[in-house]
Amino acid sequence: MIALAVVAVVASVVVVVVVRVFMHPAERSAPAAPPAATSALIAPQAPPPPGFPDLSGFTDVSQDHDVARHYALATFTSPTGLQCAMWSSRGDTAAFCFGAIPGLNHPANQVYAGDYKAYFDQKRPPDTDKLNGKPLASGEKVTLGAGGTLMGGDQITCGVQDVVVACMLIRGFRQNHGDDTAQRHGFVLDPQRSWTF
């Protein structure tokens, strides 16, 4: 009889403690505050368009191609001889390649990708400061405006995979960090099929 009374008392104490913990959570110790840096975490960069080469593992050789004087400018020559440049000046941030554009069903000697559009065209050669850059080999890339330091906080990356040249401009990279809200324009120059976005 005494043993049943002890079990009943212990059981009622356990019930009271459990009810008190769930009914009054404020009385429990407060959870640890999140680290101060949590609010500054950056969302992962959104993937490029389908069919765009993954440049993330490419060797960054940007320093070798920086030819800036009066404005941000980087140049390179593709394995097939295309003359390419990336720049930001007077509100115009862009990537550009000039030469025999492969993989098209119409004539074009240049491709352009800027803040608002990308297109193929047939025009005169570009300014001489955008020609005759150092060769860019397969598996290498050049980034201009790393961290979004160009006008408007933009960033441009171009890379070469075998003979394919791919360039992408991310508008306002400093503000959106290339997340899925970022506007992107660029091009892929491929002997099989060249395209812009």
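Structure values in brief
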| item | result |
| --- | --- |
| Cβ pairs under 7 Å, 6+ apart, first in the stretch 70-82 and more than 15 Å from Val164 (Cβ to Cβ), second part of a loop (DSSP other than H, G, I, E, B) and open to solvent by less than 40 Å² (accessible area, probe 1.4 Å) | Ala72/Gly145; Ala72/Leu150; Thr75/Gly133 |
| So Ala26, is it open to solvent by less than 80 Å² (accessible area, probe 1.4 Å), part of a helix (DSSP H, G or I), modelled with pLDDT under 50 and not aromatic (Phe, Trp, Tyr) | no |
| Any hit, the stretch 178-188, residues being among the basic types (Lys, Arg) and open to solvent by less than 30 Å² (accessible area, probe 1.4 Å) | no |
| Phe76 being aromatic (Phe, Trp, Tyr), surrounded by 22 or more Cβ atoms within 10 Å (Cβ to Cβ) and in contact with a strand residue (DSSP E or B) (Cβ under 9 Å, 6 or more places away or on another chain) | yes |
| Boolean, Pro44 is within 26 Å of Arg193 (Cβ to Cβ), in a loop (DSSP other than H, G, I, E, B) and of a type outside the set (D, E, K, R) | no |
| Gln83 more than 24 Å from Pro191 (Cα to Cα) and of a type outside the set (Gly, Ala, Ser) | no |
| Residue in the stretch 124-135 that is modelled with pLDDT under 95, basic (Lys, Arg) and at positive phi present | no |
| Selection within the stretch 144-170 - farther than 24 Å from Gln192 by Cβ, open to solvent by 30 Å² or more (accessible area, probe 1.4 Å) and either touching a Lys or Arg at 6+ places or on another chain (Cβ under 6 Å) or not small (Gly, Ala, Ser) (or both) | Thr149, Met151 |
| Residue that is surrounded by the fewest Cβ atoms within 10 Å (Cβ to Cβ) [pool: residues in the stretch 79-100 that are small (Gly, Ala, Ser) and not in a loop (DSSP other than H, G, I, E, B)] | Ser89 |
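The values are calculated or read from the model by the stated rules, or taken from the named source; none is laboratory data. Since we're looking at a predicted model, the values are computed, not measured. Methodologically, a virtual Cβ is constructed for each residue, glycine included, from the backbone with ideal geometry; neighbour enumeration extends over all protein chains shown. Accessible surface is based on the protein model in full, side chains and every heavy atom, while ligands, DNA and RNA are left aside. Shrake-Rupley method; radii C 1.70, N 1.55, O 1.52, S 1.80 Å.
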